[in-house]
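What follows is a short report on a single structure.
The values are calculated or read from the model by the stated rules, or taken from the named source; none is laboratory data. All values reported here derive from a predicted model rather than from experimental measurement. With ideal geometry, Cβ positions are generated from the backbone for all residues, glycine too; neighbour counts draw on all protein chains shown. Each accessible area value is taken on the protein alone, full model and side chains, heavy atoms only, with ligands, DNA and RNA left out. Shrake-Rupley method; radii C 1.70, N 1.55, O 1.52, S 1.80 Å.
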Amino acid sequence: MATVTLHPGKERPVVHHHPWVFSGAIARIQGPFPERGEVVDVQAASGEWLARGCWSDGSQIRIRLFTWNPNEPLDDALIRRRIERAIDGRRRLGMLTEDGACRLVYAESDGIPGLIVDHYAGFLAVQLLTQSMAQRSAAITRILAETLAPRGIYERSDAEVRDREGLPPASGALWGATPPERVRVRFPGDLWLPVDLCSGQKTGAYLDQAFNRLRVAAYCAGAEMLDCFCYTGGFTIAAARSGARRATAVDTSETALNMLRDGLTLNAITMPVETVAADVFQLLRRYREEQRRFDVIVLDPPKFAHSQAQVERATRGYKDINLLAIQLLRPGGILATFSCSGLVSSDLFQKIVFGAALDARREVQIIERLAQSPDHPVLLTFPEGEYLKGLICRVW
Ligand code: SAH
C-alpha cells in the first residue's frame, strides 16, 4: 500500500477528520504509485500516521478518507459496518418503513464517501460516485441485499459528478427485480407520490424536501398557490391535502407534470390544479404583466451554482425569481423559497431575498427557516454536506 505524505501545514483538515485530501496538499508518494480507487495511507510531513482512504486519479479530491484508526483496514467489513450504522440511524428516525422513502446512506456524512443509497418502498437506488465505490459495486450490492432483503437494487450512477471523477455514467439493475416505471411511495403526511427510480430526476424523487412540503402546506388552507419548479408536485399535493383552494404547478419537464397528474389521482385530490410546462423565469414575468396574484408561492429551483465561479450568476438567478415572486404575492402572502446550492450559504441566501424584498418595496418577515430532511444528516467534520436551505416568509 502506498503512503502519501502531505506538505507541511496541510495536515490540519485531516487531523480534524475532514474526509477530503486535495491534490495540492500532497508532497510525495512512497511505495507503488496508487492505482485508481486503491487504498492509501496518509501521513503528515513529520511522518506521523494520520488516516486511510481511497485514491482517485480523476478528481481534484485525490483521496477520500474513511478511517482515522491505524488498526482499521479499509475493506468490505468496514463498508458493511458503516452501511449498517447508517441504516440504523434511519430506523431510529422512523423513516425506514415498508412503503416509505428515505436516504439510507448519505456519502461522506455517513462515513462512506461516494456512496448514496435511497430507499423507495422496498426498492433501492444506488449512486456510486467515486472510482473506489464504482470498483466495490459488487460488494456493496451484496451487503445491501443481505442487510435489507430489498425487492430490487437499481444503479443510478448517472450524476454529473461521475464525469468529474473520470467515470462514465452507469445505470441499470444490480440485483433482484427492476423497479416498475411508477413505484407508489408514501411520504411524510401520508402523501403518495409515484416515483420512477430508473429514469426520474436524482434517484427518482427529492427526498430532502419531504418534511418541508408539510411545513409549507400548513400555510395553504384556502390559498391559491403557485408551485414553481414543481417536479412531480410534492408541494402541490401537500397543499391540496391542507385545504388549498387551487394551485398552478410549473415545470419545464412534461414527464414530471405527467407524474404530477398521476399523483393527484393517487391521492384522490379534487382541488383544481393547472399544470404549466414553462420556464419559471419567463412565466413569472408574464404573470406580472397580467397582474396575477397568489397567496402562497413556492420557489424550489434546481442547483444554480455548481462551482465557485458560478456563484455570482446563481445569485442573480435567485434574486430574479424571488423578486418576481414577491411582486406576485397578495399582501400577507407566503413565499416559501429554497436554494439547494451548497456554495450559496444560508447567510448569502438571506441577503439575496433581502435584496429582492428591497427592490420590490415590500416588507418581508422570515417566519420559518428550513433545511434538508433528517435522513440527510450533516457531519460536523464535513459541513459541505449541508446544502438545502429554505425560508418561509410573510410578505406584506
Ligand atoms: N419541488 C420539487 C423538486 C424541484 S427540483 C419537489 O418537491 O419534488 C427542480 C425542478 O425544476 C425540476 O423538476 C426541473 O425539471 C425544473 N426546472 C429546471 N429549470 C427550470 C426552469 N427554468 N423553469 C421551470 N422548471 C425548471
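LEU226 falls short on exactly one of the conditions (1) more than 10 Å from the ligand (Cβ to nearest atom); (2) in a loop (DSSP other than H, G, I, E, B), and that condition is (2). Within the range 325-337, residues that are not assigned by TED's automatic domain parsing to the domain that holds ASN212 reach no partner that is among the aliphatic types (A, V, I, L, M) with beta carbons closer than 7 Å at six or more positions or on different chains. Taking the condition part of a helix (DSSP H, G or I) and open to solvent by 30 Å² or more (accessible area, probe 1.4 Å), does ARG90 pass? Criteria not met by ARG90.
So that you can scan it fast, the table gives a plain yes or no per residue for (1) without any contact (Cβ under 8 Å) to a residue 12 or more places away in the chain; (2) within 17 Å of the chain's Cα centre (by Cα); (3) within 16 Å of the ligand (Cβ to nearest atom):
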site: LEU299; (1), (2), (3): no, yes, yes
site: VAL344; (1), (2), (3): no, yes, yes
site: LEU358; (1), (2), (3): yes, no, no
site: PRO383; (1), (2), (3): yes, yes, no
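If the condition is being touching a residue at least 40 places away in the same chain (Cβ under 8 Å) and crowded, with 24+ Cβ neighbours inside 10 Å, then the range 209-229 contributes GLN209, ALA210, ASN212, VAL216, CYS220, MET225, LEU226, ASP227, CYS228. Taking every residue in the range 232-258 that is farther than 22 Å from ARG292 by Cα and more than 12 Å from the ligand (Cβ to nearest atom) and pairing it with any residue that is open to solvent by 10 Å² or more (accessible area, probe 1.4 Å) and modelled with pLDDT of 95 or more, at least 6 positions away or on another chain, the pairs with Cβ-Cβ distances below 6 Å are SER242/ALA221.
Within the span defined as the range 190-209, every residue fails to be within 16 Å of the ligand (Cβ to nearest atom), within 18 Å of LEU264 (Cβ to Cβ), of a type in the set (Asp, Glu) and assigned to a strand (DSSP E or B).
Residues considered: THR270, THR265. Of these, the only one that is assigned to a helix (DSSP H, G or I), over 21 Å from ARG215 (Cα atoms) and modelled with pLDDT of 95 or more is THR265.
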